[in-house]
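Data first, discussion second: the structure below is written as structure tokens.
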Ligand SMILES: Nc1nc2c(ncn2[C@@H]2O[C@@H]3COP(=O)(O)O[C@H]4[C@@H](O)[C@H](n5cnc6c(=O)[nH]c(N)nc65)O[C@@H]4COP(=O)(O)O[C@H]3[C@H]2O)c(=O)[nH]1
């Protein structure tokens with residue numbers, strides 16, 4: 001930005017003739033400068049340099065008071081003087097020293113030249129009294145015109161430079177201030193991101209540890225407790241998979257807001273990750289089950305209906321509580337124990353809370369031992385298959401077998417699948433285990449066929465984790481190829497919940513299996529979530545009535561009604577219906593009377609080793625058992 005330099009000069013002298021002299025000096029000098037500039041422009045063909053265009057503006061004051069008023073006005077209207085020439089003796093008013101003091105009060109930037117032949121005050125006293133710094137010069141009379149002009153030129157230029165520098169400095173200060181502000185904001189934002197969960201805005205795990213430590217230190221000082229609640233939303237994965245991630249995120253945010261609204265400002269609600277939250281309740285009383293009222297509040301708030309798009313859901317949660325200092329003396333132990341309690345709540349059917357108890361750790365240790373055992377069982381070939389026949393109710397013929405895994409444990413003996421399949425599923429070990437089952441079952445069935453024992457089908461259970469594996473189709477094809485068994489003899493039993501976890505993807509996989517010639521059936525039908533419209537689109541051949549509905553037949557009217565409904569539904573859809581868990585002749589009679597197609601259960605045979613199936617096939621080639 002080009003600014004016109006300030007060349008405003010104030011002459012303060014009681015003698016009018018002096019004013020005339022000054023004006024003459026400036027006029028003459030300015031003309032000379034202009035001529036010089038013009039000469040230079042003519043000689044060198046250049047424009048006149050701007051710096052040579054010196055044009056002073058000279059104002060006159062004849063008394064100190066008058067000069068003071070003029071300087072005040074000049075400041076007020078934003079046209080300050082750059083300098084003043086001040087006489088020392090100006091009767092009857094203020095002398096030069098008093099005048100200068102007043103002028104500097106009005107404008108501290110003013111450059112002053114004392115023009116005098118004689119001063120009533122000794123120079124040293126004068127300099128000591130005035131706060132001189134670099135803004136005062138003394139010009140003794142008589143002076144040369146050029147001295148006046150040079151002083152005016154350099155002091156006004158100096159004033160302008162000081163002014164420009166101050167403006168520049170102010171600009172820089174603004175820039176520095178803004179930059180500093182931006183840096184602070186960036187730092188704050190990074191700090192926030194490092195310690196908070198981006199989705200819900202709640203503190204994250206790194207802040208949790210810090211808050212928990214503070215709460216524990218406070219509890220130590222004040223003989224109080226800290227309660228840690230580990231909270232996991234029930235069935236979140238199912239909601240996320242069925243309604244989509246956006247709905248899942250929305251749900252998490254809603255739950256986070258509700259939880260945060262239930263606790264005091266000193267408490268902390270943290271999102272650990274996924275659908276897992278931790279609440280730290282600060283300053284809890286030592287007596288009683290601390291934290292319980294808050295927990296109830298949390299549970300009630302979470303249970304309020306949540307609207308996600310066209311769906312209205314009611315959310316429940318499983319909660320585990322651990323208390324400091326009783327359940328752990330450090331952050332890791334407390335969180336681990338609250339976690340163990342939360343898992344216990346889940347095991348107990350969800351939608352409840354559990355206080356930590358030491359035996360939960362034993363359970364965790366057992367789980368770890370079981371996991372290691374499973375690992376070893378895979379490498380040491382400690383699994384076996386048992387086979388349970390499936391029988392046609394009309395003919396009494398064995399139409400197939402279901403392969404059921406057994407674990408020959410080195411210490412515990414035969415372990416039933418219910419005890420290890422969930423852990424195998426959770427840890428992913430189900431994938432190699434499932435592959436072994438599939439291959440062994442195909443090989444066995446082909447061996448029976450080759451031995452002339454009849455062409456029966458073999459069914460294999462497929463777990464959710466196995467079903468989601470990218471190369472499931474490849475593994476099935478490989479098992480068929482390696483065994484030489486035709487695809488039509490293999491039946492894969494899927495559960496409804498497995499299919500409903502990701503319906504689209506499941507249908508795609510099911511159709512691909514169907515295209516290979518593999519048969520599919522729904523196991524444990526009636527316990528899952530499949531809608532009738534979804535069921536219609538499943539490429540399946542068979543529905544299996546869960547044994548929970550068979551167990552109390554013929555006494556339980558509800559179970560009878562359910563079994564009847566499943567049979568007629570299956571037939572409506574053109575499917576075979578098989579009942580599992582048939583133990584009594586009454587159950588058999590009921591199923592036969594209601595046109596159930598097939599049965600499986602202890603009444604006919606328990607699951608038996610391969611050799612047992614051979615014996616059964618021989619014994620029941622004629623169906624007089626029925
Ligand atoms: N009370 C009673 N029970 C009967 C009767 N008839 C058969 N059962 C039992 O019911 C279960 C039927 O298998 P599931 O429903 O597929 O249920 C199976 C299946 O979900 C799972 N499972 C078994 N083998 C495998 C496998 O190779 N892979 C996978 N992923 N899961 C398997 O473990 C579950 C339990 O298997 P098992 O203990 O062998 O238990 C078997 C069988 O022994 C009866 O008349 N009364």
What's the number of the condition residue 571 fails, among (1) without any contact (Cβ under 8 Å) to a residue 60 or more places away in the chain; (2) outside any helix (DSSP H, G or I); (3) within 25 Å of residue 513 (Cα to Cα)?
(2)
Look at residue 491 and say whether it is under 24 Å from residue 429 (Cα atoms) and in the same structural domain as residue 440 (by TED's automatic domain parsing).
yes
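Name the residue that is modelled with the lowest pLDDT, counting only residues in segment 452-467 that are away from the ligand (no atom under 12 Å from the Cβ) and touching a helix residue (DSSP H, G or I) at 6+ places or on another chain (Cβ under 8 Å).
So in segment 452-467, the residues away from the ligand (no atom under 12 Å from the Cβ) come out as 452-457.
Next cut, touching a helix residue (DSSP H, G or I) at 6+ places or on another chain (Cβ under 8 Å) only: 453-457.
On the way: 453: 87, 454: 84, 455: 88, 456: 93, 457: 95.
Checked segment 452-467; the qualifying residue modelled with the lowest pLDDT is 454.
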Only unsatisfied item for residue 412, checking (1) within 16 Å of the ligand (Cβ to nearest atom); (2) more than 35 Å from the chain's Cα centre (by Cα); (3) buried (at least 16 other Cβ atoms within 10 Å of the Cβ); (4) farther than 16 Å from residue 385 by Cα, is (3)
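Restrict the check to segment 186-194 and report whether at least one residue is under 30 Å from residue 321 (Cα atoms), touching a helix residue (DSSP H, G or I) at 6+ places or on another chain (Cβ under 8 Å) and at pLDDT below 95.
yes
When segment 587-611 is examined, which residues are found to be part of a helix (DSSP H, G or I) and within 13 Å of the ligand (Cβ to nearest atom)?
Scanning segment 587-611 gives 587, 588, 591.
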Report yes if some residue within segment 435-449 is in contact (Cβ under 8 Å) with a residue 40 or more places away in the chain and within 30 Å of residue 560 (Cα to Cα); otherwise report no.
no
Of all residues making up segment 506-541, the number that are modelled with pLDDT of 85 or more and touching a helix residue (DSSP H, G or I) at 6+ places or on another chain (Cβ under 8 Å):
16
Meets criteria (surrounded by fewer than 19 Cβ atoms within 10 Å (Cβ to Cβ), touching a residue at least 40 places away in the same chain (Cβ under 8 Å) and not in a helix (DSSP H, G or I)) for residue 388
no
Set 244, 274: member being modelled with pLDDT under 90 and at positive phi:
244
Within segment 436-451, tally of residues that are surrounded by fewer than 19 Cβ atoms within 10 Å (Cβ to Cβ) and either under 13 Å from residue 405 (Cα atoms) or near the ligand (Cβ under 9 Å from one of its atoms) (or both)
2
May I ask you to verify whether residue 498 is within 14 Å of the ligand (Cβ to nearest atom), within 37 Å of the chain's Cα centre (by Cα) and assigned by TED's automatic domain parsing to the domain that holds residue 402?
yes
Residues located in segment 309-326, provided they are more than 20 Å from residue 270 (Cα to Cα) and either modelled with pLDDT of 95 or more or not in a strand (DSSP E or B) (or both)
309, 310, 314, 325, 326
Quick one: which residue in 128, 84 is in the same structural domain as residue 16 (by TED's automatic domain parsing) and either closer than 22 Å to residue 22 by Cα or surrounded by 13 or more Cβ atoms within 10 Å (Cβ to Cβ) (or both)?
84
Flagged in segment 506-564 as in a helix (DSSP H, G or I), over 16 Å from residue 463 (Cα atoms) and within 16 Å of the ligand (Cβ to nearest atom), in numbering order, are 547, 548, 549, 550, 559, 563
Only one residue in 270, 266 is in the same structural domain as residue 323 (by TED's automatic domain parsing) and within 16 Å of the chain's Cα centre (by Cα). Which one?
270
Determine whether residue 398 is buried (at least 21 other Cβ atoms within 10 Å of the Cβ), in contact (Cβ under 8 Å) with a residue 60 or more places away in the chain and away from the ligand (no atom under 13 Å from the Cβ).
yes
Which count do you get for residues in segment 502-529 that are closer than 25 Å to residue 478 by Cβ and in contact (Cβ under 8 Å) with a residue 60 or more places away in the chain?
4
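The values are calculated or read from the model by the stated rules, or taken from the named source; none is laboratory data. Predicted model, so just to flag it, every value in this text is computed and none were measured. Counting neighbours? That spans all protein chains shown, and the Cβs are built from the backbone with ideal geometry, glycine included.
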